[in-house]
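Structure first, commentary second.
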Amino acid sequence: MISKLMGGYMMGFMTKLMPDARSESQMLQHPAAQARPRPQTDLLIHINEALNENLRYELITDLEGTEGVISAEFTPQRWHLLIVWYDSNRTSSRSILDELNGHNLHAQLIGPL
């Protein structure tokens, strides 16, 4: 009971001392904290075809220009594996796979990382 009284007293004291003092829950309600989270998903894709450096660069450029794709890169020394980071609120793994297959490639989703 004494701790409750002291806690209330201290909060009242702090509010008078620092009029801008807010509780922890009030501070967490900052507009940035209320923004909808943008989950980033890592995706691993296998491409059947052997691609030269120019084709890999073209694919990366096209993918990174796709709505919701954050970044993409081929795995060094394993050029048939592609890692794509994307915002799952703005695109889907199916859309990314369709984009790759639209380049006349045979791409398969291995799964999220």
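Just so it is clear, none of the values below were taken in a lab; they were calculated from the coordinates. Quick caveat: nothing in here was measured; it's all calculated off a predicted structure. A quick note on method: Cβ atoms are made from the backbone with ideal geometry, for glycine too, and the neighbour counts reach across all protein chains shown.
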**Q.** Residue pairs meeting the criteria (Cβ under 6 Å; at least 6 apart or on separate chains; first of a type in the set (Asp, Glu), in the range 75-92; second surrounded by 14 or more Cβ atoms within 10 Å (Cβ to Cβ))
**A.** 87/68
Q: Quick one: in the range 63-113, of everything that is polar (S, T, N, Q) and closer than 17 Å to residue 52 by Cβ, which residue is surrounded by the most Cβ atoms within 10 Å (Cβ to Cβ)?
A: 75
Q. Given the structure, is residue 55 more than 19 Å from residue 111 (Cα to Cα) and among the aliphatic types (A, V, I, L, M)?
A. yes
Q) Scanning for something out of contact with any strand residue (DSSP E or B) (no Cβ under 9 Å at 6 or more places or on another chain), among the charged types (D, E, K, R) and outside any helix (DSSP H, G or I), does the range 78-95 turn up at least one residue? A) yes
Q: Could you please find all residues in the range 79-100 being closer than 18 Å to residue 57 by Cβ and either hydrophobic (A, V, I, L, M, F, W, C) or touching a helix residue (DSSP H, G or I) at 6+ places or on another chain (Cβ under 9 Å) (or both)?
A: 79, 81, 82, 83, 84, 85, 96, 99, 100
Q.
Any residue in the range 40-53 that is on the phi < 0 side of the Ramachandran plot and surrounded by 13 or more Cβ atoms within 10 Å (Cβ to Cβ) sitting within a Cβ distance under 8 Å of a residue that is assigned to a strand (DSSP E or B) and of a type in the set (Gly, Ala, Ser)? List the pairs, counting only those 6 or more apart or interchain.
A. 43/111; 44/111; 45/107; 46/107; 47/107
